[in-house]
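The values are calculated or read from the model by the stated rules, or taken from the named source; none is laboratory data. Remember, predicted model here, so these are calculated numbers, not experimental data. When we count neighbours, we look across all protein chains shown, and the Cβ atoms used for this are built from the backbone with ideal geometry, even at glycine. Heavy atoms of the whole protein, side chains included, go into the accessibility calculation; ligands, DNA and RNA do not. Shrake-Rupley method; radii C 1.70, N 1.55, O 1.52, S 1.80 Å.
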Amino acid sequence: MERVLVTGARGYLASLVQLYNATRYEFVRVSHTDVDFGDPKGVEEYFRAADFDVCLHMAADASTARCEKDPEGTRRVNTESAIAVARACRDRGRRVVFISTEQCFNAAPGPAPFSEDDEQRSTTRYGQQKMEADAWIRSNVDDYLILRLSWMFGLAMPGVRPSPNILTNVMGVLRSDEPARFRVHERRNMTYAQRLAAQFPKILGLPSGAYHVASQNGRTTYETARYVAARLGCPQDKVDRLILPDDVTYAERPRDFRLASDKIRGEGVELGTFEEDLSMCMRDFGLAG
């Protein structure tokens with residue numbers, strides 16, 4: 001049985017990958033209690049000694065606020081330690097799977113959706129830190145996968161706690177009956193995390209390279225939130241009262257960092273539209289709509 005070392009093993013997507021593939025792989029869970037990802041030298045030593053066949057590197061400090069406040073400390077985690085992991089894997093002849101992000105394209109020139117070879121540009125420290133590790137791996141490693149993920153969504157399962165996402169955010173608004181604002185000047189993909197986790201064996205077998213993992217979405221974040229609320233059975237007058245437009249954020253420079261997924265779909269990984277993903281998620285969890 002192939003031995004897959006997973007960093008950030010308690011995270012949402014990492015937990016789903018392990019849950020869906022528990023009988024297919026032997027997973028070795030690694031978290032910050034096992035190795036300090038703020039210490040790149042220690043990280044490299046750890047990975048040169050660890051017993052694994054493939055490394056799924058998902059550990060990161062994805063807090064935009066922390067990345068802006070502490071760029072040096074978060075860069076050690078998001079860039080230097082990622083490079084250390086990749087270098088150790090390269091030198092030992094092990095495949096590394098690096099989780100990157102749509103944020104690498106949040107200020108990219110040209111029209112979205114962006115392909116894998118389009119120019120990256122980011123206004124956030126987090127995106128810049130991921131870009132740097134992404135570029136190093138592409139230039140220095142032969143056997144790698146870079147998965148640039150869109151915003152994942154889904155709901156809680158036993159032992160799996162979701163990160164905040166469009167579905168949980170809208171459900172929270174409807175449950176609390178407290179209005180919330182969603183961005184008008186932002187367009188991004190949103191992908192059902194469980195659909196991705198179920199295809200992990202197929203993804204792990206992809207040819208070496210970078211891939212965009214994103215179900216397609218033509219709506220703004222505000223329009224998407226209204227669509228979700230309606231699909232959850234919320235009456236139109238309640239949608240109008242609770243799902244409000246944030247027409248200030250990014251008004252001067254609207255953001256569209258949607259990713260094209262043609263390449264990974266061409267390799268047989270099933271990704272469709274946000275609407276299809278939402279329907280699948282609602283069926284899985286027995287939600288009305």
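Out of the DSSP beta bridges found with both residues in region 148-289, what percent are antiparallel (nearest 5)?
Once the DSSP bridges in region 148-289 are tallied, antiparallel ones form about 15 percent.
Over the chain, how many percent of alpha carbon pairs lie in each 5 Å bin up to the one with the longest distance?
Histogram of Cα-Cα distances, whole percents per bin: 1, 6, 12, 16, 18, 18, 13, 9, 5, 2, 1, 0.
Please state the charge dipole magnitude for the chain, taken about the Cα centre, from unit charges on C-beta atoms (+1 on K and R, -1 on D and E), reported in debye and rounded to the nearest 20. Present the calculation step by step, with values, prior to reporting the outcome.
On the way: 39 positive and 41 negative charges, 67 e Å.
The dipole of the chain has a size of about 320 debye.
Can you compute the helix-only [θ] at 222 nm over the chain? Use -39500 (n - 2.57) per DSSP H run of at least 4 residues, normalise by all residues, nearest 500 deg cm²/dmol.
-11000 deg cm²/dmol
Using the Karplus equation 6.51 cos²θ - 1.76 cosθ + 1.60 (θ = phi - 60°), what ³J(HN,Hα) coupling, rounded to whole Hz, does each residue of region 113-119 give in order, writing x for Gly and Pro?
Residue by residue, region 113-119 yields x, 8, 8, 4, 9, 5, 5 Hz.
Tilt of helix 221-231 relative to the longest C-alpha principal axis of the chain, in degrees (0 to 90, nearest 10)?
70
Enumerate the amide H contacts of G209 below 5 Å, restricted to partners 5 or more residues apart or on another chain; note that Pro and chain-start residues carry no placed amide H.
Y144, L145, I146
Which value, in Å², gives the accessible area per residue of the chain when a 1.4 Å probe is used on the protein heavy atoms?
Details: 12800 Å² over 289 residues.
Computed with neighbouring chains in place, this is 44 Å² per residue.
Mind ranking 57-69, 197-209 by how tightly packed they are, going by the mean number of other C-beta atoms within 10 angstrom, highest first? Kindly include the intermediate steps, with their values, before the conclusion.
Details: 57-69: 17.8, 197-209: 15.5.
Ranked from most to least packed, the peptides come out as 57-69, 197-209.
Once you treat every alpha carbon in region 99-238 as an equal point and sum by Debye, what is log10 I(q)/I(0) at q = 0.11, 0.12, 0.13 Å⁻¹?
-0.49, -0.58, -0.67
Hey, what do the phi angles of region 140-154 turn into as Karplus ³J(HN,Hα) couplings, whole Hz, using 6.51/-1.76/1.60 and θ = phi - 60°, x for Gly and Pro?
In residue order, the calculated couplings are 10, 10, 8, 10, 8, 10, 10, 10, 8, 8, 7, 5, 7, 9, x Hz.
What length, rounded to one decimal in nm, is gained on full extension from S139 through to L19, with 0.36 nm per residue of separation minus their alpha-carbon distance? Write down the numbers at each step before the final one.
Details: separation 120, 0.36 × 120 = 43.20 nm, distance 3.28 nm.
Difference between extended and current length: 39.9 nm.
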